[in-house]
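Report on one structure; see the data block that follows.
The values are calculated or read from the model by the stated rules, or taken from the named source; none is laboratory data. Computed from a predicted structure; not experimentally measured. A quick note on method: Cβ atoms are made from the backbone with ideal geometry, for glycine too, and the neighbour counts reach across all protein chains shown. These area figures cover heavy atoms from the full protein model, side chains too; ligands, DNA and RNA do not enter into them. Shrake-Rupley method; radii C 1.70, N 1.55, O 1.52, S 1.80 Å.
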Amino acid sequence: KLEYLAAKETASHPTDARRNQRWEAVLRRRVGRPPAPVLNIQNTWTDETLVVDPAAQNDVAPATFNQFLRCHYTLEPTNIDPRLLGVLKDAARKFGRTRVFIVSGYRHPKYNLMLRKKGREVAKQSQHTEGHAVDFRLAGVPTESLYRYVRSLELGGVGLYLHSEFVHADTGPIRTWQGR
């Protein structure tokens, strides 16, 4: 009886049966293949992870990237320079890493001012307040090596923070510095 009902169902919906056969053929071709590589970018403040294709161009919608790197203090996003995503992808690819840790993205000007008043090492006219900067690290990669690589990109400013173990990258004027 079950076979009769299954045959009757298939006969009444031939397009579904063909679709299922095609899908099964696709799945059979995928069996045994390694999964496509992905890059996990983790925001250390919000504990959110953005999963991207490390080889793809423009695979992240600007609104998604803006929201991901929003100010963790005010939760307000801004327009983030999309070239920063390229820096993160390029650095991960260069060092063979699948995870990037974001230390800081966009900082609301009020939050930046508050950090300055507390004596933190932040610039008065920070590129972070413009959405043009990101501070990040790669696990297992020496900070000096990451710094040298980001400098070689010649995209903008690059800061080395050995004590805090992160690198600052921005799309402003080309310059370098060392922080704490």
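For this structure, a couple of remarks:
- Cβ pairs under 6 Å, 6+ apart, first in the range 76-92 and farther than 12 Å from Val52 by Cβ, second crowded, with 21+ Cβ neighbours inside 10 Å and among the aliphatic types (A, V, I, L, M): Ile80/Leu69; Leu84/Val134; Val87/Ala169
- The C-beta contact set for the range 13-29 (first residue assigned to a helix (DSSP H, G or I), second residue open to solvent by less than 80 Å² (accessible area, probe 1.4 Å) and modelled with pLDDT under 80, distance under 8 angstrom, 6+ apart or interchain) comprises Asp16/Thr10; Ala17/Thr10.
- The residue list Arg83, Arg120, Arg33 contains one member that is under 20 Å from Tyr161 (Cα atoms) and either loosely packed, with under 14 Cβ neighbours inside 10 Å or in contact with a Ser or Thr (Cβ under 7 Å, 6 or more places away or on another chain) (or both), which is Arg120.
- Residue in the range 51-67 that is surrounded by 13 or more Cβ atoms within 10 Å (Cβ to Cβ), among the aromatic types (Phe, Trp, Tyr) and over 22 Å from Tyr149 (Cβ atoms) present: no
- With respect to (1) surrounded by 13 or more Cβ atoms within 10 Å (Cβ to Cβ); (2) at positive phi; (3) among the acidic types (Asp, Glu), the lone exception for Glu154 is condition (1).
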